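Structure, as structure tokens:
Bear in mind that the values in this text are calculations on the coordinates, not laboratory data. Keep in mind that what you see is a predicted model, and the values were worked out from it rather than measured. Positions of Cβ are generated from backbone atoms using ideal geometry, with glycine treated the same way; all protein chains shown enter the neighbour counts.
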Amino acid sequence: MRFYLILLLNLVFAVVSDAQTNFSILVQPHSIPGLPGLQSYAAAQYNGKWVLIGGRTEGLHQRTPTTSFLSTFNNTNIYVVDPNTTAVWSASVNSLSAPLREQLQSTNMNFCSDANKFYIAGGYGYSATINNHKTYASLIVIDLPGLINAVISNTPITSYFRQLNENMFALTGGQMEKLGDMFMLVGGQKFDGRYNPNNGPSFTQEYSNQIRKFRLSDDGTNLSISYQSTITDINQLHRRDYNMAPQVFPNRSLGYTAFSGVFQIAANLPFLNTVDVDTVGYAPNNSFNQLLSHYHSGKLSVYDSLSNSMHTIFLGGMAQYYYDAGGNLIQDDQVPFVSTISKVTRVANGSMSEMKIGDLPGLLGSGAEVFINHALSLYANEVIKLNNINQDTILAGYMVGGIQSSAQNIFNINNGTQSTAANTAYRILLIKSGVLPIQLIYFRGIKQVEGILLEWKTASEQNNARFEIERSADGRNFNTIGSLPGSGTSSIEKIYNYKDISPLPGLNYYRLKQINTDGSHTYSSIIIIRFETGDNSFVIYPNPVTEKMTIEFAQNVSNKAQIEIYDASGRELFSQAITTSSRQININTGSLVQGVYFIKVRIDNKIYTNEFIKK
């Protein structure tokens, strides 16, 4: 697990623009009081209302077979949400037949919608019928307007579902899309039995390694498959839990791109390349490596037809790479939760590039969904037409739900309390002029003897009334501890600071709430600072440690540091000279057995000591 004190330079409340496309993304909280906490659910919308089906009501699944994917955390309700009025309605799936109600409360289903129909295939979860966990081998077709009206009016919902049983639909963690009359099921796996991270005998697992294309014959009552074909590629399509985003390709045809996913054939790591998919075939792109978004997360696509540039934006999630406080690209093969907002751009000649463009206010986005604003001008696959936007600021959509984690790496210590299924929604604003309410250069914290000094710098401000400083002990429940006036409208750099003279013992989570003159507000990303009394000039995150730990100094280390680790008997187990120019040093502790250890750091003929526990 790795904590860090200072998040990235150029943290913004949203996304900074680039010269070529001249648009920005602003992410703002959108309060919907009755919104459930859900992650890895199936999502559709019709006539301005959202439909949320299945998924999990807990955070990250636990590791042990007896506690992972418990049926008590199945989402057994169908939710209808009106984001404009913030009304939420629900209906239980328990009134449906066993085959329907069991599949509709599974997780990681493959789904898509088309006009007034919502299609759901597969999904993984507990089946009471067989008293075990399984991947469901069915396609469900839902009458969207009928279901929405029934849920709102509290009338029976049974007649709005039809089910087609076929083994080709037995997939979880893949993606399903529809172009014209052709459906495409891409990647995924068939997973039967109880999850076990140690690959015990409690399950069987079979990756599809395929694109499964099919057409449906549907007269409104009867369903059947009228066409079916498969493309198999064990090297490129052996992926699941990834993002498949709608695209306008350089030849201006419509399709989708599969971004990243897990796991590589030869390594227990995410894919870095992408695969383009359309109704005809597929094309891997091995000349591009996507580093900043690897598991399924919120996403949206924007196309600039004038420059023939395709932009895909990813909101948080999990990734093998992220940027540390000094702007250095960090590789973490544990694939931690991240707050990164990133953008992948494909230009007219087909070349692709990636950049970090901001942070969400927390470790959010994994297993979330984005509801695109259907009032916008869209291509058939829901790519936003950038050149048809005539306003400076428009609502692009909403990011809803997903996992909210309290730390980056929680998998090895997860007992169900380190993360939650987020009951939050965020408005995603597209600002075509590129003018944001605030451009935050940095937000950082420095531990001092008498407290914690928080400091932030803005590059520009637009109608900024004030900042409220918020603090939390767990990264989820925040309280306001102070306030500073903003600079209104300013185009020059401004520096702010606030001292927390009574920080909490242990970890302190801080964020800024920036409030505009019209009362609207946005949040910064979160910084985490451990406050400990005493004269140690460095702290250790986390403590106890698992596979990795971070040594954090009070200020940058400009020279070589000699790191030594001793066991309780005084035996030296580790010694390494490290040259760094930052405040953080990361140490791999995977080879250490459980116990108490002492760490000695030598810098400029001075020796500093501390101790830690290995779990």
Using a cut-off of 10 Å between beta-carbons, work out the net charge of the residues near Tyr256 (Lys and Arg +1, Asp and Glu -1, Tyr256 not included).
-3
Could you tell me how many degrees, from 0 to 90 and to the nearest 10, lie between the Cα long axis of helix 144-153 and the main elongation axis, the longest principal axis, of the Cα atoms of the chain?
70 degrees
For region 542-614, restrict the atom set to alpha-carbon positions and state the Rg and Dmax in Å.
11.8, 33
If one puts a single equal scatterer on every Cα of the chain and applies the Debye formula without solvent, what log₁₀ I(q)/I(0) results at q = 0.06, 0.07, 0.12 Å⁻¹?
-0.32, -0.44, -1.28
The chain: relative contact order from alpha carbon pairs under 8 Å, six or more residues apart, as a whole percent, is 14 percent
So, in nm, how far is label Lys560 from label Asn196 when the simple model puts each one 7 Å beyond its Cα toward the Cβ?
4.9 nm
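So which of Lys299/Lys548; Lys178/Lys213; Lys447/Lys499; Lys299/Lys385; Lys499/Lys560 end up more than 20 Å apart, counting from Cα to Cα?
Violating the 20 Å Cα-Cα cut-off are Lys299/Lys548; Lys499/Lys560.
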When Lys and Arg each count +1 and Asp and Glu each count -1, what net charge do the other residues less than 9 Å away from Met184, Cβ to Cβ, add up to?
+1
Please compute the modelled spin-label separation between Gln264 and Thr417, points set 7 Å along Cα→Cβ, answer in nm with one decimal.
3.7 nm
Based on the alpha-carbon gyration tensor of region 100-220 and its eigenvalue square roots a ≥ b ≥ c, which shape applies: rounded if a/c is under 1.5, prolate if not and a/b is larger than b/c, or oblate?
oblate
Can you give the helix-only mean residue ellipticity at 222 nm for the chain, where every DSSP H stretch with n ≥ 4 adds -39500 (n - 2.57) and the sum goes over all residues, rounded to the nearest 500 deg cm²/dmol?
-500 deg cm²/dmol
How many angstrom lie between the C-alpha centres of region 48-112 and region 173-208?
18 Å
Overall form of region 218-317 per C-alpha gyration tensor (a/c, 1.5; a/b vs b/c)
oblate
Around Ala44, with a cut-off of 11 angstrom between Cβ atoms, what is the net charge of the other residues, counting Lys and Arg +1 and Asp and Glu -1?
0
Cα convex hull of region 438-531, projected area averaged across orientations, nm²
5.5 nm²
Within region 132-147, list the residues whose amide N lies under 13 Å from a label point set 7 Å along Cα→Cβ of Thr204.
134-135
Extension gain (nm, one decimal) between Asp114 and Ile152, 0.36 nm per residue minus Cα-Cα
11.6 nm
Which order, highest average first, do 452-459, 149-156 follow once you tally other Cβ atoms within 10 Å for each residue and take the mean per peptide?
452-459, 149-156
